[in-house]
Each structure stands twice: as structure tokens, then as C-alpha cells.
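The values are calculated or read from the model by the stated rules, or taken from the named source; none is laboratory data. Computed from a prediction, not measured in an experiment: that's the story for all the values here. Cβ: placed from backbone, ideal geometry, glycine included. Neighbour counts: every protein chain shown.
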Amino acid sequence: MECRIKYIDVAKGISISLVAVAHSKLEHHLRSIFDYNSVMEPMALFRMPLFFFLSGIFFSCQIAPRYFFLKKAESILKPYFAVSFLVLFLNSLMGRGNLDVQLIGIFYGDMGSVSLVPLWFLTHLFALYAVCYVLFRCLRFKNHSFSLQAVILFLLIAVGALINLDLLQKETLSYGSAVAVPALPFTMDMVLFTSIYFVAGNLLKNKLVSFKPQINVLICCVYLFFCIVKYTGAQINIGGRVYNEPLFATLAAFAGIYVVISCAWWFSRIQIFSVVFQKLGEASIYILIFHYVLYAWMYSYLTNGLTNETVLALATIVSLVFGITAPLLVKLLVERSDVLALAFLPFRTNALVQKIWNVDGKKHVVNSALK
């Protein structure tokens, strides 16, 4: 159990690091210096699918619907709304943008409507949990045969592709303007695609406990991935509603996931990599929320007036490290502050809440009144 959690946290750390690198200008500057083909663009085929795969591993539908949705709303939507309304407040102080549009965008909750772009992932993750809860608890997905499960997952891809094509050209309100995006909030039009990885992670949970990389499988996955990248037009961008050539894209995503999981397994046995990536994995939600704004601020500060590509690349690396590691400090501050913890951590562990509620869940004021 300990080893499983360790290497899965390492995988989360690798995954969030890849997301942060993709959101930076590092490859842009390096390609200007060394003139090579893009490396980060093909990685988009597995970056977000890996997140959903890892999220599905520890998913459980055993608790009642009321408590399940309250728990997920507290852990996922509470940080989302807390940060979103903080950004809205700051924008109002600085007179940035149309506040009414921004407020609507918060509740629409997709990449085009939120002011802090990475936040779209949290709303979609909540929608994904909701859909998979229904799938596992109400439709009893795990009780079906393997062949029927495979057919259902294939149908999810097919229906997802049809829905995506049907909604793609519809115009809706986005952050600051009207743009052509699907009409579903929380990027729910993509949930049939992302549920494939979430469900797969859950179904493979027991195998991941005793997982050990197989070199022959790893080589096949790497070969398959590069063939799909080179010879097909497969693309995945969940936030941007892109899922081109669904069959090849899905195969490439699972091939990439196996490669990252294998790397995480090896890194978990090397002390320095294990510690670094495990810490990043444990703070993945903080890095997800804050990495881009911290990176952008540092990059703007360091590169003001600079034009040399080599210097810009070095500044980008420094800014990227700052953007990834500074959220660790945010996590520490949240854990040590009962006020900040109200926005990010469960209420039941908060000292301020415990002052109002006793261990039996009854309010002190009620107890006082009864006396």
C-alpha cells in the first residue's frame, strides 16, 4: 500500500510538472536556439488523460449520494470558487474586464470562461466524478463482464466524438467575448472522453498495487506512441474541446500513461527523484491552481527588456521552477492557517469549525440553549 501511494504520488508529480512546462515558454525559447521539432505538443496526448487516470484509481462509490457529492464539492469546488471569487474581487479593484461576464464565467466553469485558466480542470473533475458515480453505483459497471465493459468504453468514445462534433460550432458567452465553443458548462461535452481514463484507472487499481514495468510492453508503448504522432492527426486538448481521431488519440494516451507510470515506478526507488516528485504530487492541486500566475509574474519580472534567446530560456527555467515550487509554500501556509484552510481543506479538520461544532456534530450554541 505504501509503495503504491508513493509511486502514484510520484506519477502525479511528473504529470503536474509536464502541465506546468507546457504552460511555459520554455520550449518556444529552446526551439529558437536549437531548432528542433516540438516535444511538448505530442505530450498533450497523455498529459491530461494521465491526471484523470490517476484520479480514478482511488475512486469509490460506496457512500450515499448526498455525502459523496458534498465531499467532492468540498474538496474540488470549494477551492475553485474560493480562488475564482478572489480573482473576481481583485479584478474589480483594478477595474479589469466586465465583472458581470466574469461572474457568469465562474459558474460556466470552462477554459474560455474562467479568468485563471487552469481552474477549468477542477470543474470538469467534479463533473467527471458525478458521471462516474452514476456509472458505477447506479449502472453497476463493475458487475458487468470484461467484454461488456470494453464495449461500453468504446461506445463512450464513439458517442463523445459525435457530441463533440455536433456542439463544436455553437456560439456561447465566454470570458470577455462571444466565441464558438460547446454550450455545456464544466466542459461536460468532453466527459465521455475523460471518463474512459478515469474508469480505466479504477478498474486497474488492483493491478497497479503490484505493478512492475515490463520492458517489452514499455518498448511497444513508446513505438506505438511515436507511430501515432508521426502518421496520424491524433490530438487531445480537453480544455480546448479537441479530440481528433479518437481511436488513435486514445491508444496514444494509454501508451503514454504506461510510460509515465513506469518512469514513476523507477523514480520512486531513487531517493532524490522520489522525494521531489512525491512532494509535487501531494501538492498537485495547489500547483495546478497557482503555477501559471506565479510563473507569468516571475517571467515578466526577469525578462523585462531582454531579447537574447539564451538568456530568455534561462529566465524561463528559473520562472518555471518558481511556478512549480512556490505553490508548495502556499500549501504549507494553508495547512498552518485555519482561515486559509477554510477554502482548501475539509471543514471537519478545521479548528475554527470545531469551535462551533462539537465532536457529536451538534452546535455549541444549541447545547447552550438546551442548558
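Just a few scattered comments:
The rows are residues; the columns are (1) within 19 Å of LEU251 (Cα to Cα); (2) among the hydroxyl-bearing types (Ser, Thr, Tyr); (3) in contact with a Ser or Thr (Cβ under 8 Å, 6 or more places away or on another chain).
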position: GLY109; (1), (2), (3): no, no, yes
position: GLY112; (1), (2), (3): no, no, yes
position: LEU116; (1), (2), (3): no, no, yes
position: LEU119; (1), (2), (3): no, no, yes
position: ALA130; (1), (2), (3): no, no, no
position: VAL134; (1), (2), (3): no, no, no
position: PHE141; (1), (2), (3): no, no, no
position: SER147; (1), (2), (3): yes, yes, no
position: ILE163; (1), (2), (3): no, no, no
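- Contact map, the stretch 334-357: residues that are under 18 Å from ILE287 (Cβ atoms) and in contact (Cβ under 8 Å) with a residue 12 or more places away in the chain paired with residues that are of a type in the set (Phe, Trp, Tyr) and assigned to a helix (DSSP H, G or I), Cβ distance under 6 Å, separation 6+ or inter-chain. Pairs shown: VAL334/PHE344.
- Every residue from the stretch 20-48 that is out of contact with any strand residue (DSSP E or B) (no Cβ under 9 Å at 6 or more places or on another chain) and within 17 Å of ALA252 (Cβ to Cβ): ALA22, ASN37, SER38, VAL39, MET40, PRO42, MET43
- Contact map, the stretch 311-331: first residue of a type in the set (Phe, Trp, Tyr), second residue modelled with pLDDT of 95 or more and crowded, with 19+ Cβ neighbours inside 10 Å, Cβ cut-off under 7 Å, separation 6 or more or different chains; pairs are PHE322/LEU294; PHE322/TYR295; PHE322/MET298.
- Exactly one residue out of MET94, MET40, MET48 is among the aliphatic types (A, V, I, L, M) and surrounded by 18 or more Cβ atoms within 10 Å (Cβ to Cβ), and it is MET48.
- The set of residues from the stretch 70-100 being farther than 14 Å from LEU116 by Cα and out of contact with any helix residue (DSSP H, G or I) (no Cβ under 8 Å at 6 or more places or on another chain) comprises LEU70, LYS71, SER75, LEU93, MET94, GLY95, ASN98, ASP100.
- Among the residues making up the stretch 295-308, those that are surrounded by fewer than 15 Cβ atoms within 10 Å (Cβ to Cβ) and over 23 Å from the mean Cα position of the chain (by Cα) are SER300, TYR301, ASN304, GLY305, LEU306, THR307, ASN308.
- Scanning the stretch 1-53 for residues that are under 27 Å from PHE211 (Cα atoms) and hydroxyl-bearing (Ser, Thr, Tyr) returns TYR7, SER15, SER17.
- For the stretch 97-131, the set of residues classified as among the acidic types (Asp, Glu) and surrounded by 22 or more Cβ atoms within 10 Å (Cβ to Cβ) consists of ASP110 only.
- Residues located in the stretch 171-196, provided they are over 30 Å from GLY95 (Cβ atoms) and either modelled with pLDDT under 50 or in a helix (DSSP H, G or I) (or both): PRO182, MET188, ASP189, MET190, VAL191, LEU192, PHE193, THR194, SER195, ILE196
- Yes/no for LEU288 being farther than 25 Å from LEU122 by Cβ and either touching a residue at least 24 places away in the same chain (Cβ under 8 Å) or not aliphatic (A, V, I, L, M) (or both): no
- Tally of residues being in contact (Cβ under 8 Å) with a residue 24 or more places away in the chain, within 15 Å of ALA253 (Cα to Cα) and not hydrophobic (A, V, I, L, M, F, W, C) across the stretch 186-239: 6
- Odd one out for ASP35, checked against (1) without any contact (Cβ under 8 Å) to a residue 60 or more places away in the chain; (2) surrounded by 13 or more Cβ atoms within 10 Å (Cβ to Cβ); (3) of a type outside the set (Val, Ile, Thr): (2)
- Helices (runs of 4 or more DSSP H) fully within the stretch 39-100 that include at least 2 residues being basic (Lys, Arg), under 20 Å from the mean Cα position of the chain (by Cα) and closer than 19 Å to HIS124 by Cα: 65-72.
- Residue pairs meeting the criteria (Cβ under 7 Å; at least 6 apart or on separate chains; first within 11 Å of LEU192 (Cα to Cα), in the stretch 139-162; second of a type in the set (S, T, N, Q)): LEU156/SER195; ILE157/THR250
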